[in-house]
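To start, the structure itself, in structure tokens.
Taken together, the values in this text are just the output of simple stated rules run on the coordinates, not laboratory data. Values in this document were obtained by computation on a predicted structure and should not be read as measured data. Cβ: placed from backbone, ideal geometry, glycine included. Neighbour counts: every protein chain shown.
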2 protein chains.
Amino acid sequence: MPKTYKEIHLANRPEGLPADEDFAFIEKEIPELGAGGILLKTLYLSVDPYMRGRMRDVKSYIAPFELNKAITGGVLAEVVESNSEEFQKGDIVSGHLNWAEYNVSKGKGLQKIDPAAAPITARMSILGMTGLTAYFGLLDIGKPQPGETVIVSGAAGAVGSAVGQIAKLKGARVVGIAGSDEKIDYLINELGFDAAVNYKKDSFVEDLKAALPDGVDVYFDNVGGDVSDAVISELNNNARIPLCGTISSYNSEGEDIGPRMQWKFIKTSSMMKGFTIGDYAKDFPKGAAELEKWLQEGKLKYEETIVEGFENTPDAFLGLFKGTNLGKQLVKVADPEFAKL
Amino acid sequence: MPKTYKEIHLANRPEGLPADEDFAFIEKEIPELGAGGILLKTLYLSVDPYMRGRMRDVKSYIAPFELNKAITGGVLAEVVESNSEEFQKGDIVSGHLNWAEYNVSKGKGLQKIDPAAAPITARMSILGMTGLTAYFGLLDIGKPQPGETVIVSGAAGAVGSAVGQIAKLKGARVVGIAGSDEKIDYLINELGFDAAVNYKKDSFVEDLKAALPDGVDVYFDNVGGDVSDAVISELNNNARIPLCGTISSYNSEGEDIGPRMQWKFIKTSSMMKGFTIGDYAKDFPKGAAELEKWLQEGKLKYEETIVEGFENTPDAFLGLFKGTNLGKQLVKVADPEFAKL
């Protein structure tokens, strides 16, 4: 067992796209565990677009990261030492923990994972927060009906790809918006989307209209910005828009300006509603069970883009804003010591 | 009985604020009534902000007015000749009719009014479309709860003043936004609003924050634009925004640009929904009955601004955009021939 480990601190509050100097790798000593303590070896880290918001010093639905302290996020880890009766060496857990090679914990907030039920990384994607975000936002706010048109932006990402597949399971016609021809191909040929549009092409607005011959009934919005302006011009009467994210603006300084949209909502009696996954905390077990069932029945696919090496965590995070990921972006930090996966 | 009458045609599609030359007063002959026909003498005309939208040649929830044809809107009229068994001389009716001194009808779409139950003009305001717009938008979309803060823009108008009073009946704290000190005084001292803010003052944004110590739970939006941007910055978690109108932009050419709002909805899990009164057509009798009950119990007040003279109809309409009206803006065209009001 090593005596020291590295963790990643927020060194500066970034302006625009974060850069290397905004992250500091700090060497720390592994402390005494104490009574009830457990030592967790990080296997995988999750990097997520919402974390960019926490790098700003502004009030939001979740507190900002503190400067010169560890960045925190979703972590899959192995218990490698334990003074707790609840946890044994070799247990795999997920939790909201430091971006670090090791974490010390008393077990609070950790969830044990059965590696036999599904690949453990699925707990960070389709069976975890991103799958649940898709599930509740689409079904509770979007309420897609058979034959309706559902369109999703950020469609090749972890949330978007789940949204599209769940909408298909509900009998909707599904259109995706993504940023490369490779992603368009994946959406149509791997995930079974009915159409997909590349927002980086000059012909985006025309392509979008062509992909929406019957307009839009549900728009699951991960991106905001110009892309959303274009979709909102295609709303049918009584359209519903679950607002999940605005990744197009996460690295912008200054105000995000665009056409005011109220009139478009009035003339179509349409609705938009923001949400964060915490709104549905009490229903997580129900959502996770249904997602796991669909996964086991082969009705849901998911993709992971895995970067190897703890030192590449900032790059993996920045890749989210460059669109380099297909599906869920993870960092593989280490192999387990005891568990067989 | 006269042989001719005047009606008002749309002579041009206005750019910006409509002007005199956009309206033409056309003299017409009163035609033969024919079997089942009735002749209606206009007593009052309703002028409403939404009519500006119908002067544009764009698709919306209601068809555009045709050039060189009569403008149509809400009319209170007296039956002065009748070949119909359903209608007698002296009956008072409301309907969607031409802006004209006389209309000929077969009775379709007309509603008979009992002048003894309430002043007939109330059927064009608190007991008519504007009252129902307030009632359904606030209660079905806004869903105000006791102790919550409800804010309404265009608060001294026909819809806004009803919204505020209904919200008070539901136990909410009510804040109004209006454009003159006279209106602010009216909202607080006549209608019992808890606070009211003048959006034309330089201190509007600070005044607004001061009037909202507990934030915003429901924002009934009649105006859009800068005023709504400011209110949307004060949303509480799970706020609801019924979108009724965007009067601030009805006379604008070019695109209405402002800060994109999706992020503010995500971080507060808030919702906005557009509506038009037609969405609630099947529930009109229920809404009208409850409004009439509240009115008879003295729980609702309403104000009318009445311009005298058919020739002043365009001016009365334009006054809506200058904010010269308090409550419902009507035009008195004539006194009845037979009915005693």
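Scaled to the globular estimate 2.2 N^0.38 Å, the Cα spread of the protein assembly as shown, given as radius of gyration, is 1.16.
Distant-in-sequence amide contacts of B:A239, defined by a placed amide H-H separation under 5 Å and a gap of 5 or more residues or a different chain, comprise B:S270, B:M271.
Checking the table B:K106/B:K332; A:K183/B:K273; A:K143/A:K293 against a 22 Å threshold on Cα-Cα, which pairs fail?
Numbers: B:K106/B:K332 24 Å; A:K183/B:K273 32 Å; A:K143/A:K293 20 Å.
Beyond 22 Å: B:K106/B:K332; A:K183/B:K273.
Note that segment B:194-207 has calculated 3J(HN,Hα) couplings of 6, 7, 8, 10, 8, 6, 8, 7, 4, 8, 3, 5, 5, 4 Hz, one per residue in order, obtained from phi through the Karplus relation 6.51 cos²θ - 1.76 cosθ + 1.60 (θ = phi - 60°); glycine and proline are x. For the segment B:268-280, counting C-beta atoms of other chains within 10 Å of every residue's C-beta and taking the mean gives 6.
So if we plug the beta-carbon distance of B:D114 and B:D185 into 1/(1 + (r/R0)^6) with R0 = 25 Å, what FRET efficiency do we get, rounded to 0.05? Don't jump to the answer; show the numbers that get you there.
On the way: r = 34 Å, r/R0 = 1.36.
The calculated FRET efficiency here is 0.15.
Comment: the Cα-to-Cβ extended label point of B:L17, at 7 Å, lies 4.8 nm from its counterparts in the other copies, nearest first. Out of all DSSP beta bridges in chain A, what portion is antiparallel? Express it as a percent rounded to 5. In chain A, DSSP labels about 55 percent of beta bridges as antiparallel. In nanometers and ordered shortest first, the copy-to-copy spacing of the A:E66 label point, defined 7 Å from Cα toward Cβ, is 7.2.
Close amide H pairs (under 5 Å, H built 1.01 Å from N) link B:I30 with B:T4, B:Y5, residues at least 5 positions away or on another chain. Computed over chain B, the per-residue total of -39500 (n - 2.57) for DSSP H runs of n ≥ 4 gives a 222 nm mean residue ellipticity of -6000 deg cm²/dmol, rounded to 500. The fraction of all Cα pairs in segment A:2-118 landing in successive 5 Å bins from 0 to the largest distance is 2, 11, 20, 21, 18, 13, 10, 5, 1, 0, given as whole percents.
The alpha carbon radius of gyration of segment A:213-255, expressed as a multiple of 2.2 N^0.38 Å, is 1.26. Karplus-based coupling profile of segment B:23-34, in residue order and whole Hz: 10, 10, 8, 10, 8, 10, 8, 5, x, 4, 6, x, with θ = phi - 60° in 6.51 cos²θ - 1.76 cosθ + 1.60 and x standing for Gly or Pro. Taking a ≥ b ≥ c as the square roots of the eigenvalues of the alpha carbon gyration tensor, segment A:42-190 is prolate, as a/c is not under 1.5 and a/b beats b/c. Place a point 7 Å from Cα of B:N83 in the direction of its Cβ. Which residues in segment B:100-132 have their backbone N less than 12 Å from it? Residues B:105-106 qualify, since their backbone N sits under 12 Å from the label point. Computed from backbone phi with θ = phi - 60° and the Karplus coefficients 6.51, -1.76 and 1.60, the 3J(HN,Hα) list for segment A:60-71 is 8, 6, 9, 5, x, 5, 8, 5, 6, 10, 5, 6 Hz; x is used for glycine and proline.
How large is Rg/Rh for segment B:186-268, to two decimals, with Cα atoms and a Kirkwood Rh? Intermediate results must be reported in sequence, preceding the final value.
Values: Rg = 13.5 Å, Rh = 14.0 Å.
Reported Rg/Rh, Kirkwood definition of Rh: 0.97.
Just the number, please: Stokes-Einstein D of segment B:253-341 in µm²/s, Kirkwood Rh from C-alpha pairs, 37 °C, 0.692 mPa s.
Working: Rh = 17.9 Å.
It diffuses with D of about 183 µm²/s by this estimate.
The alpha-carbon atoms of segment A:163-218 define a convex hull whose volume equals 72 cubic angstrom per residue. Placing pseudo-labels 7 Å out from each Cα toward the beta carbon at B:E15 and A:K322 gives an inter-label distance of 4.7 nm.
Distances, shortest first, from the label point of B:A334 to those at the same position in the other copies read 9.3 nm; the point lies 7 Å along Cα to C-beta. The loop-placed trypsin sites (Lys or Arg not before Pro) in segment A:11-117, going by DSSP, that have at most 16 neighbouring Cβ atoms within 10 Å of their Cβ come out as A:R56, A:K59, A:K69, A:K89, A:K106, A:K108.
How do B:D202, A:D283, A:D22 rank when sorted from fewest to most other Cβ atoms within 10 Å of their own Cβ?
Values: B:D202 7, A:D283 13, A:D22 17.
Neighbour counts put them in this order, fewest first: B:D202, A:D283, A:D22.
Could you give log10 I(q)/I(0) at q = 0.29 Å⁻¹ for segment A:68-113, computed by the Debye formula over C-alpha point scatterers of equal weight, without solvent? Taking Cα atoms of segment A:68-113 as identical point scatterers yields -1.19.
In whole percent, what relative contact order does chain B give with Cα contacts below 8 Å and a gap of six or more residues? Before the final figure, lay out the partial values.
Values: 726 pairs, mean separation 62.6, N = 341.
It comes to 18 percent, rounded to a whole number.
Find, to one decimal place in angstroms, the Kirkwood hydrodynamic radius of chain A, where the mean of 1/r is taken over every pair of different Cα atoms and then inverted. This gives a value of 20.9 Å. Pairs over the 28 Å Cα-Cα cut-off, from the set B:K170/B:K209; A:K264/A:K301; A:K28/B:K267: A:K264/A:K301; A:K28/B:K267.
Show me the GluC sites (Glu not before Pro) within segment B:233-341 that DSSP assigns to loop and that have at most 15 other Cβ atoms within 10 Å of their Cβ. Could you put the intermediate results ahead of the total?
Working: sites: B:E234, B:E253, B:E255, B:E290, B:E292, B:E297, B:E303, B:E304, B:E308, B:E311, B:E337; in loops: B:E234, B:E253, B:E255, B:E297, B:E303, B:E337.
Of the GluC sites (Glu not before Pro), the ones in loops of segment B:233-341 whose Cβ has at most 15 other Cβ atoms within 10 Å are B:E253, B:E255, B:E297, B:E337.
Of the GluC sites (Glu not before Pro) found in segment A:33-91, those that fall in a DSSP loop while having at most 14 other beta-carbon atoms within 10 Å are A:E66, A:E85, A:E86. When each of A:S180, B:S161, A:S269 is scored by the number of other beta-carbon atoms lying within 10 Å, the sequence from fewest to most is A:S180, A:S269, B:S161.
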